[in-house]
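K.L.:
First the structure, then my questions, so here it is.
The values are calculated or read from the model by the stated rules, or taken from the named source; none is laboratory data. Values in this document were obtained by computation on a predicted structure and should not be read as measured data. Using ideal geometry, Cβ is built from the backbone for each residue, glycine included, and neighbour counts are taken over all protein chains shown. Accessible surface is based on the protein model in full, side chains and every heavy atom, while ligands, DNA and RNA are left aside. Shrake-Rupley method; radii C 1.70, N 1.55, O 1.52, S 1.80 Å.
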Amino acid sequence: MKLDDSIKLQKRIEGTDEQLNPTETTEWLELGKCKIIPNNSAAKISGHDGHDYSYSYTIFLRKPKSNDNIPRENDLVHITKKDGTIDKDIRVIGFVTLRNWLKLWLK
C-alpha cells in the first residue's frame, strides 16, 4: 500500500501561566503519511452504542509509537490528499489497530 497522503491530529495541551492560572492551547501533531480511501459504497460501521454510522473516509496509517498519539473517537484530524482533492478538518468516528497499522473511519 502506497502512503502518499498526510494526516494531522489536533491535540489539546493543558498547563498554567505565570500567575498559575489554568491554560489550554491546541496544536496540530503530524502523524505522518497515510492512505485516504473515500467511502463510495455508503458502507456503515457499528458504534459502541449499537447504532450504525455512515462514514466518509477510511484512513490507513502506520501505528504511532506513542499510544497518546492514536486518534480516538470524536478527535479532530486534518487530512490532505496528495493530489489536492481533499484538504479538510474532520472527526474520527471509529478506529482499530491492526498490528503495526491503524485504521480510522472519519465522518
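K.L.:
Roughly how far apart, in whole Å, are the Cα centres of the range 16-42 and the range 81-107?
P.N.:
Cα centres, the range 16-42 to the range 81-107: 13 Å.
K.L.:
If you don't mind, another one. Return the sequence-ordered ³J(HN,Hα) values of the range 57-63 in whole Hz as given by the Karplus equation 6.51 cos²θ - 1.76 cosθ + 1.60 applied to θ = phi - 60°, using x for Gly and Pro.
P.N.:
Going residue by residue, I get 9, 10, 10, 10, 8, 5, 5 Hz, with x marking Gly and Pro.
K.L.:
Here are a few candidate values for Cα extents along the principal axes in Å: [x] 50, 26, 22; [y] 42, 29, 25; [z] 54, 35, 28. Which one was actually calculated from the structure I just gave you?
P.N.:
Checking each listed value against the structure points to [z].
K.L.:
Which GluC sites (Glu not before Pro) in the range 5-59 pass both tests, a DSSP loop state and at most 11 other beta-carbon atoms within 10 Å? All intermediate terms of the calculation are to be shown ahead of the outcome.
P.N.:
On the way: sites: Glu14, Glu18, Glu24, Glu27, Glu30; in loops: Glu18.
Those that pass, being in a loop and sparsely packed, are Glu18.
K.L.:
Over the chain, with a Gaussian network built from C-alpha contacts below 10 Å, which listed residue (Leu20, Leu61, Leu29) shows the highest mean-square fluctuation?
P.N.:
Of Leu20, Leu61, Leu29, the most mobile in the Gaussian network model is Leu20.
K.L.:
Can you tell me which of Thr26, Thr16, Thr97 moves the most in a GNM of the chain? Springs connect C-alpha atoms under 10 Å apart.
P.N.:
It is Thr16.
K.L.:
What residues have an amide H closer than 5 Å to that of Tyr55, excluding those fewer than 5 places away on the same chain, when H is modeled at 1.01 Å from N in the peptide plane?
P.N.:
So Tyr55 has HN proximity to Ile45.
K.L.:
Need one value: the accessible area of Arg72 in square angstrom, 1.4 angstrom probe, rounded to the nearest 10.
P.N.:
Accessible area of Arg72: about 100 Å².
K.L.:
Right, something else. Could you give the dipole magnitude of the chain about its Cα centre, charging the beta-carbon of Lys and Arg +1 and that of Asp and Glu -1, in debye to the nearest 20? The partial results should precede the final answer.
P.N.:
Working: 18 positive and 16 negative charges, 161 e Å.
Using Cβ point charges on Lys, Arg, Asp and Glu, the chain gives about 780 debye.
K.L.:
Taking square-rooted eigenvalues a ≥ b ≥ c of the alpha carbon gyration tensor, is the range 50-107 rounded, prolate or oblate, where a/c under 1.5 means rounded and, failing that, a/b exceeding b/c means prolate?
P.N.:
oblate
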